[in-house]
1. Determine, from the Cβ-Cβ distance of Lys327 and Lys370 and an R0 of 22 Å, the FRET efficiency 1/(1 + (r/R0)^6), rounded to the nearest 0.05.
2. By the gyration tensor of its Cα atoms, with a ≥ b ≥ c the square roots of the eigenvalues, what is the shape of the range 120-223: rounded for a/c under 1.5, prolate for a/b over b/c, or oblate?
3. Name the residue, out of Glu195, Glu247, Glu33, whose mean-square fluctuation peaks in a Gaussian network model built on the chain with Cα pairs under 10 Å.
4. Expressed in nm to one decimal, what extension gain is obtained for the pair Gln139 and Ala335 from 0.36 nm per residue of sequence separation less their Cα-Cα distance?
5. In nanometres, what is the gap between the two model label sites at Asp132 and Val30, each 7 Å from Cα along Cα-to-Cβ?
6. Given the pairs Lys103/Lys129; Lys365/Lys394; Lys130/Lys380; Lys349/Lys394; Lys327/Lys380; Lys129/Lys268, which span a C-alpha to C-alpha distance of over 23 angstrom in this model?
7. If a/c stays under 1.5 just call it rounded; otherwise compare a/b with b/c (prolate if a/b is bigger, oblate if not). Do that for the range 1-138, with a ≥ b ≥ c from the square roots of the Cα gyration tensor eigenvalues.
8. How much of the accessible area of the chain, probe 1.4 Å, is carbon plus sulfur, in whole percent?
Amino acid sequence: MHDFKQLVFVGIDPHKYQHTAVMIDHWGEVFFELDFPNQPKGFEELLRTVNMHTPTGRIAIFGIEDTGGFGRPCAQWLTSEGLLVKGVNPVMSCSQRKRRPHKDKSDADDAAAVAKVVIAEFSTLPEVKKDDYYHALRQLVNRREQLVKTSTQCKNRLHKLLYEHYPEYKEFFSDSFGVTSLAFWHKYPHPSLLENIGPKRLGSFLQKHARNFSTSKAEHILSLVDKNQAMSIETEICISVIKQLVEQLQQLQTHIEEIEGLISGMLKQSDTHLNTLPGVGDITAASILSRVGPIERFSSASKLARHAGISPEENSSGRTTRQQRSKSGDRQLNAAIHRIALNQIGVCKNGTHRCPIAYEYYQRKISEGKTKLSALTCLKRRLCDIIYAMLRDKSNYIEPELKDEQELSVA
């Protein structure tokens, strides 16, 4: 239990280029207002001002909005100085500001609202910790997502152009955008370029990019090609566009492989073992770690589930009790856990279930009368328990024996 008489509270409203800070005591008395640059020399100026105005014997507590964005540099700098920093949800500070009888809004008003939230919710607000590892991992995951999105856009564009020239192109290769196929599209973006190419010559070219590429496969490709298509100005431009798209895809695939290698290396530096959980690979494990951050932020699995937007929201009144699916929370973390759940109830090519214990739990919820979506949400909630326990205990996942009425657990 803290004696608020011995504390002063500094609320910080962060912006891209400068922040605004206001220091108050538990009665709301303002000690100072300060605008300072969003850079180390500005943080030093803030600390000097705080030390100058803090009464003897009192301790300054800091509250900052957006500790993962514009406010992160300041929050991390203050934490490295050994100061107590609380992360404040902007929704809470906005609600605090709206309690005022007038509608005036300024950066100083917002900073004061942040400080008042720290006073009112001191015991429940998360404490900001050093998160260099998680921030770096998040950058890698976000970068990979951007590269994959751009790659998908290139593939969609290339699909359209290839279909115009090679209507049967999907039968050429098992992967239309693999190393061998991209080399083919770059070399022969138009059927007329294959006019004087025979099976042996084509097979020899393709064998440079794929092992054991048979002449019969080359013959099959040539049999599906109309070499007599006429060239035109539009075709020449299309050929240039196809070559550029192929080169861009090749570069994107190289960058994605590099990023995935860095992600695997980062995971090895962690003492967590999320990739031992069925349905979790290195990319999904990195997505979860980067979004969760230090597990100490959450005192229970329920709080982690609420953070991920998996716990239902209550909307009750009088004798009517309602629960509805949450649309808030960290949607990227929610999506990662959703992918795990779908993977676990999926079926392998040999007809076996990827995770029998998860599939049994999912089917049991359906038999209880829940819809498939609600049953999947229940599985996601159980996965939150497992993920929380694995991160808290730094343990591997050990799948329990499948028994009647048994739920998922982590050893």
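The values are calculated or read from the model by the stated rules, or taken from the named source; none is laboratory data. Note that the structure is predicted; figures quoted are calculated from it, not measured. All Cβ positions, glycine included, derive from the backbone under ideal geometry; neighbour counts span all protein chains shown. All accessible areas refer to the heavy atoms of the entire protein, side chains included, with ligands and DNA or RNA removed. Shrake-Rupley method; radii C 1.70, N 1.55, O 1.52, S 1.80 Å.
1. 0.70
2. Numbers: a/c = 4.87, a/b = 3.11, b/c = 1.57.
Prolate, since a/c reaches 1.5 and a/b exceeds b/c.
3. Glu195
4. Details: separation 196, 0.36 × 196 = 70.56 nm, distance 1.73 nm.
Contour length minus Cα-Cα distance gives 68.8 nm.
5. Here the answer is 3.7 nm between the modelled labels.
6. Details: Lys103/Lys129 34 Å; Lys365/Lys394 29 Å; Lys130/Lys380 29 Å; Lys349/Lys394 32 Å; Lys327/Lys380 15 Å; Lys129/Lys268 21 Å.
In this structure, Lys103/Lys129; Lys365/Lys394; Lys130/Lys380; Lys349/Lys394 lie more than 23 Å apart at Cα.
7. Since a/c stays below 1.5, the shape of the range 1-138 is classed as rounded.
8. Ligands and nucleic acids excluded, carbon and sulfur reach 48 percent.
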